[in-house]
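Note sheet for the following structure.
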Amino acid sequence: MELSDLHVFRTVVEAGGVTHAAKRLHRVQSNVTARIHKLEADLQAALFIREHRRLRLTPAGRILLDYAERLLGLAEEAKQALHVTEPRGVLRIGTMESTAGVRLPGPLSDYHRRFPEVAIELGTGSPRDLIAAVLAGQLDAALVAEPVSDVRLESVAVFNEALVLVSDRAQAPIRSARDLKHRSMLAFHPGCPHRERLERWFARDGVAIERVVELASYHTMLGCIVAGMGVALMPRSVLDSYAAQDRLRVHALDKPFDAARTLLVWRKGAPQPKIERLAEILLAPPTRPTKPAGAKSITQAAKAPRRRKA
């Protein structure tokens, strides 16, 4: 059963017969008759009672007419939804934990204020898992640390994160991995870009990691650092709201380990309005949460990313 067949069927009912329906549809009568016969064959039910060149709906035809009205209406609604200019529906976002806790509260609050009709669903995970969810259509967009190389994705840089190495207060200043008193690493699960960056930092200095302690949150990680269980690499912004900063020591890293960009990624193709508006809010200066005059569209920004200071 095809929508075009339902359209022909409904037109025959509205026009009162094949002859008038053919004129409305700009088809020959034989074509309209053939489409009705095809629909009846597909459904294995007679839709019309034919009496002296007149057509009258059968009980099955009356049932189908109700469904045809609804299905054709939904099809038109879906067609219009693809061309709306304002966000609607559900916005499903995936993000890394540090981004969710530090960077998103303000922008998401602004988004909800501007577009209260959009329901926001937020989940956290590793960049690898988030990208897979975007490609599978389970997420509309995701915020992940670079690099992102999948050719099926579009991306725009929305945050620049300053990265630091964090230890307990007893640790002397660190210039290389050889300066560590304990060579244990606190990190998220494999696939976390900050974990991979810290592993490369150890490897660059020819130092073997003695132990990896995998944790599920930055709050737990910072508590373990205070307890002297190891060191961790994290965005400097994560420390801003931590109450026990005086029990930590923060160590600057050299390039290329000292910074990472956070990208908003979505499937390649024309972005939806809800993703467009999210990108505009994320790219807007903190003091001006609404879209500034002359701001680039998401398509322009993807070609020439605007950087935002951490």
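The values are calculated or read from the model by the stated rules, or taken from the named source; none is laboratory data. For clarity, every value in this text was computed on a predicted model and none was experimentally measured. Positions of Cβ are generated from backbone atoms using ideal geometry, with glycine treated the same way; all protein chains shown enter the neighbour counts.
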Practice item. Please list, ordered by first then second residue, the pairs with beta carbon atoms under 8 Å, 6 or more apart or interchain, first in region 123-142 and free of Cβ contacts under 8 Å to residues at least 60 places away in the same chain and under 22 Å from ARG277 (Cβ atoms), second polar (S, T, N, Q) and surrounded by fewer than 17 Cβ atoms within 10 Å (Cβ to Cβ). Key: none
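Out of everything in region 210-234 that is among the hydrophobic types (A, V, I, L, M, F, W, C) and under 24 Å from the mean Cα position of the chain (by Cα), what residue ends up being modelled with the lowest pLDDT?
ALA216
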**Study point:** Qualifying positions in region 253-264 - closer than 13 Å to GLU161 by Cα and not in a loop (DSSP other than H, G, I, E, B)
**Key:** ALA259, ALA260, ARG261, THR262, LEU263
Point to revise | The listed residue being farther than 18 Å from LEU283 by Cβ and touching a Lys or Arg at 6+ places or on another chain (Cβ under 8 Å), out of LEU91, LEU130, LEU139 | key: LEU139
Exercise for review: Report yes if some residue within region 252-264 is in contact (Cβ under 8 Å) with a residue 40 or more places away in the chain, more than 19 Å from MET96 (Cβ to Cβ) and among the small types (Gly, Ala, Ser); otherwise report no.
Suggested key: yes
Exercise for review: Go through the residues of region 261-283 one by one and say whether even a single one is more than 16 Å from the chain's Cα centre (by Cα), farther than 19 Å from GLY94 by Cα, charged (D, E, K, R) and surrounded by fewer than 22 Cβ atoms within 10 Å (Cβ to Cβ).
Suggested key: no
Check your understanding: Looking at THR299, is it out of contact with any helix residue (DSSP H, G or I) (no Cβ under 7 Å at 6 or more places or on another chain), β-branched (Val, Ile, Thr), part of a loop (DSSP other than H, G, I, E, B) and modelled with pLDDT under 90?
Key -> no
Revision key, fill the gap. When region 34-55 is checked residue by residue, the ones that are in contact (Cβ under 8 Å) with a residue 40 or more places away in the chain and polar (S, T, N, Q) are none
Practice item. Kindly indicate whether any position in region 128-138 is among the basic types (Lys, Arg), out of contact with any Phe, Trp or Tyr (no Cβ under 9 Å at 6 or more places or on another chain) and not in a strand (DSSP E or B). Key: yes
Study note, to complete from the structure: PRO193: passes all of (1) more than 13 Å from GLY230 (Cα to Cα); (2) at pLDDT 90 or above but (2)
Practice item. Please tell me if GLY230 is at positive phi, surrounded by fewer than 16 Cβ atoms within 10 Å (Cβ to Cβ) and not aromatic (Phe, Trp, Tyr). Key: no
**Study point:** Test: SER241 is surrounded by fewer than 16 Cβ atoms within 10 Å (Cβ to Cβ), within 25 Å of GLY101 (Cα to Cα), small (Gly, Ala, Ser) and not assigned by TED's automatic domain parsing to the domain that holds GLY101
**Key:** yes
Point to revise | Of residues in region 153-191 being acidic (Asp, Glu) and farther than 25 Å from VAL134 by Cβ, the one surrounded by the fewest Cβ atoms within 10 Å (Cβ to Cβ) | key: ASP179
Check your understanding: Within region 192-209, which residues are under 35 Å from the mean Cα position of the chain (by Cα) and either part of a strand (DSSP E or B) or surrounded by 14 or more Cβ atoms within 10 Å (Cβ to Cβ) (or both)?
Key -> CYS192, PRO193, HIS194, ARG195, GLU196, ARG197, LEU198, GLU199, TRP201, PHE202, ILE209
